[in-house]
1. Determine which member of the set 47, 3, 19 is open to solvent by 70 Å² or more (accessible area, probe 1.4 Å) and outside any loop (DSSP other than H, G, I, E, B).
2. Can you confirm whether residue 35 is open to solvent by 80 Å² or more (accessible area, probe 1.4 Å), over 12 Å from residue 63 (Cβ atoms), over 12 Å from the mean Cα position of the chain (by Cα) and of a type outside the set (A, V, I, L, M)?
3. Report, by residue number, each residue of segment 50-70 that is under 13 Å from residue 5 (Cα atoms) and in a helix (DSSP H, G or I).
4. Looking for something within 18 Å of residue 4 (Cβ to Cβ) and either of a type in the set (Lys, Arg) or touching a helix residue (DSSP H, G or I) at 6+ places or on another chain (Cβ under 7 Å) (or both) - is there at least one such residue anywhere in segment 21-31?
5. Suppose the filter is in a loop (DSSP other than H, G, I, E, B) and open to solvent by 80 Å² or more (accessible area, probe 1.4 Å); does residue 30 pass it?
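The values are calculated or read from the model by the stated rules, or taken from the named source; none is laboratory data. Everything quoted here is computed from the prediction, not taken from an experiment. As a convention, Cβ positions derive from the backbone with ideal geometry for all residues, glycine included, and neighbour counts pool all protein chains shown. Please note that ligands, DNA and RNA were not included when accessible areas were found on the heavy atoms of the full protein model with its side chains. Shrake-Rupley method; radii C 1.70, N 1.55, O 1.52, S 1.80 Å.
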Amino acid sequence: MQKTRSKELVEEYLRLGGKRLAKIDDNIVKIRHWDDDTPEAEAFWQKHIEPLDDKRRVEVETHLPTINDR
């Protein structure tokens, strides 16, 4: 099975020590960020995910672990 670019971005972010979690409620995606990311994960988020347009960023965010997984 081929991975989407969105999934690949999240996997790399998490591999680098990313801690952001998704909260998905009625198809509205919000990000929760209680714990600090590693510097590498934060830099990756700022460079590769933050600049995405809203639609693409939501696609990426839906691949994050959810607060329900915690």
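1. Answer to the check: 47.
2. No; evaluated as a whole, the condition is false for this residue.
3. Scanning segment 50-70 gives 56, 57, 58, 59, 60, 61.
4. Within segment 21-31 (the criterion being within 18 Å of residue 4 (Cβ to Cβ) and either of a type in the set (Lys, Arg) or touching a helix residue (DSSP H, G or I) at 6+ places or on another chain (Cβ under 7 Å) (or both)), the answer is yes, since at least one residue qualifies.
5. When the stated conditions are applied, residue 30 does not pass them.
Residue-by-condition table, conditions (1) touching a helix residue (DSSP H, G or I) at 6+ places or on another chain (Cβ under 6 Å); (2) charged (D, E, K, R); (3) modelled with pLDDT of 95 or more:
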residue: 2; (1), (2), (3): no, no, no
residue: 13; (1), (2), (3): yes, no, yes
residue: 18; (1), (2), (3): yes, no, yes
residue: 33; (1), (2), (3): no, no, no
residue: 37; (1), (2), (3): no, yes, yes
residue: 42; (1), (2), (3): no, yes, yes
residue: 54; (1), (2), (3): no, yes, no
residue: 58; (1), (2), (3): no, no, no
residue: 68; (1), (2), (3): no, no, no
